[in-house]
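The values are calculated or read from the model by the stated rules, or taken from the named source; none is laboratory data. These numbers were taken from a predicted model, which means no experiment stands behind them. Using ideal geometry, Cβ is built from the backbone for each residue, glycine included, and neighbour counts are taken over all protein chains shown. Each accessible area value is taken on the protein alone, full model and side chains, heavy atoms only, with ligands, DNA and RNA left out. Shrake-Rupley method; radii C 1.70, N 1.55, O 1.52, S 1.80 Å.
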Amino acid sequence: MRRLAIATLDANWEHDHTVPSRTLYPHQWSWDSAFIAIGLAHVRPDRAWRELRTLFAAQWADGRVPHIVFNPALRVGSYFPGPEFWGSAAAEGAPAAATSGIVQPPVHAQAAWLVHRRAPSEASAQALRWLYPRLVAQQRYLTGRRDVGGAGLAAIVHPWESGLDNSPAWDAPMAAVAADAAVMRAYRRHDTAHADAAHRPTDLDYARYVAIVASYRDRRYRDRRYSDQALAGWHPFLVECPLFNAALGAAEHALARIAAVVGADPGPHRDRAARITEAVVRRLHDPVTGTFHPRDLRTDRLIPARTVLGLMPLILPDLPGRQVRAVLTEACSARFGLAPRMPRPLPTHDRTAPDFEPLRYWRGPSWMNTNWLLWRGLRAHHRPDLAAGLRESMLALVATGGCHEYFHPDTAAGLGSAAFSWTASLLLDTLAEG
Ligand code: 9WN
């Protein structure tokens, strides 16, 4: 399995970054690169730093780290929506490279810390010194311009920003986005040429994805908080996501550790981490269901769907005991099946829900990254029994399905891309840290 993982990452290496998949995602993706660096640290540490440096070289002047950095060498049409659709060059403060204008969960500080901790050296400390101000700027953007709700959390402006694109969590806010599936006749979807359409988002989903991007792009991705351009006034999709904001808080914990290495003050990071955790609990935890839910800022209501996103605040090391227990109850229920002995890792959606779909992308299949995050959270909260059960099931998943992008949650049959980078890299980390 280790050999398969290394071969997958080597085959997906593209001169200064790793593509998530040669067929489906041939450019550089933001949170993929963080997960990829974590695995590369075990086998190709120089490349791990290169991966993060390439991504942050495309950071915008306002601090946003784009979710896609496009490879200019690829032909038009190698991914939809491509650079011509995003039009980043017309936006103020965009880098020279063509990028998207949206972000993904900020798991990069955590990744940088893990890469350094794996083999601390003068070279890794130097890499941290380069990254530190950039990671701080990323946090400042997210907790500043993106604090649309005014509570110290970041709002996502597109389901793609969550990383769990078509999660049932987004059905309600997406239903309010005006779009017609027929507009997709004007475009050529690239994903359905490489993966089974029944395993991917629908055309109506895509019509809405495109409409939300167009709305943001046409305002040149401006998102000042207070002005006639404030996002709250016009943007059709604004949500506080538990995974995204748990990553935001975990990043401050990682930055506190990085600060100590680079000679900066860890104190402000610890303070910010505490404030984010408090806000995640206050704004996103529902004492009735016991789990966390996204908050739709358009209605100021929690979204009722119980998806794997609701378990992700477990990655916050300072999550209060009450919420830790509640999340573990949810994770160990029939909805998700966490146990000291478990045949399969967690699915991405509540197995008992009527809209659970075992084959469709983020609406049921098991993914390595959400399970890896939960595994880390279980270890941080001293549950070695559950962490060990989950780890075994993750290894069995890849042993059965290979380095696929996602997996049937019962059979572990591989779905989507057959050579997916973060499956490979997180497998390496899971194997190494038994
Ligand atoms: C849109 C690259 C990315 C992941 C996301 C995953 C998928 C893109 C797509 O692929 O999203 O960003 O085209 O479907 O949902 O989490 O980062 O692997």
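Scanning the stretch 161-190 for residues that are buried (at least 19 other Cβ atoms within 10 Å of the Cβ) and within 11 Å of the ligand (Cβ to nearest atom) yields E161, S162, G163, L164, N166, S167.
What residue, of P409, P365, is within 16 Å of the ligand (Cβ to nearest atom), under 21 Å from A198 (Cβ atoms) and surrounded by 21 or more Cβ atoms within 10 Å (Cβ to Cβ)? It is P365.
Scan the stretch 309-336 residue by residue and report those that are of a type in the set (A, V, I, L, M, F, W, C) and outside any helix (DSSP H, G or I). Can you show your working first?
First pass over the stretch 309-336, keeping only residues of a type in the set (A, V, I, L, M, F, W, C): 309, 311-312, 314-316, 319, 324, 326-328, 331-332, 334, 336.
Result: L316, L319, A334, F336.
Do we have A151 as closer than 18 Å to D296 by Cα and either among the acidic types (D, E) or buried (at least 23 other Cβ atoms within 10 Å of the Cβ) (or both) here? Spelling it out, it is not the case that A151 is closer than 18 Å to D296 by Cα and either among the acidic types (D, E) or buried (at least 23 other Cβ atoms within 10 Å of the Cβ) (or both).
Within the stretch 132-160, residues that are within 20 Å of R222 (Cβ to Cβ) reach partners that are of a type in the set (F, W, Y) and assigned to a loop (DSSP other than H, G, I, E, B) with beta carbons closer than 9 Å, at six or more positions or on different chains, in the pairs Y141/W60; I156/F237; V157/F237; H158/F237.
The rows are residues; the columns are (1) under 19 Å from the mean Cα position of the chain (by Cα); (2) not charged (D, E, K, R).
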| position | (1), (2) |
| --- | --- |
| L4 | no, yes |
| D10 | no, no |
| W13 | no, yes |
| T18 | yes, yes |
| H27 | yes, yes |
| A37 | yes, yes |
| A48 | yes, yes |
| F56 | yes, yes |
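Looking at the stretch 15-34 only, could you name the residues that are among the hydrophobic types (A, V, I, L, M, F, W, C), within 9 Å of the ligand (Cβ to nearest atom) and farther than 13 Å from H190 by Cβ? Outline the logic, then answer.
We begin by selecting, within the stretch 15-34, every residue among the hydrophobic types (A, V, I, L, M, F, W, C); these are 19, 24, 29, 31, 34.
Applying the additional criterion that residues be within 9 Å of the ligand (Cβ to nearest atom) yields 19, 24, 29, 31.
Hits for the stretch 15-34 are V19, W29, W31.
Listed by position, the helices (runs of 4 or more DSSP H) contained in the stretch 1-72 that have at least 1 residues being farther than 17 Å from E405 by Cα and open to solvent by 40 Å² or more (accessible area, probe 1.4 Å) are 2-11, 45-57. The numbered conditions (1) in a helix (DSSP H, G or I); (2) in contact (Cβ under 8 Å) with a residue 24 or more places away in the chain; (3) surrounded by fewer than 18 Cβ atoms within 10 Å (Cβ to Cβ) are all true for G233 except (2).
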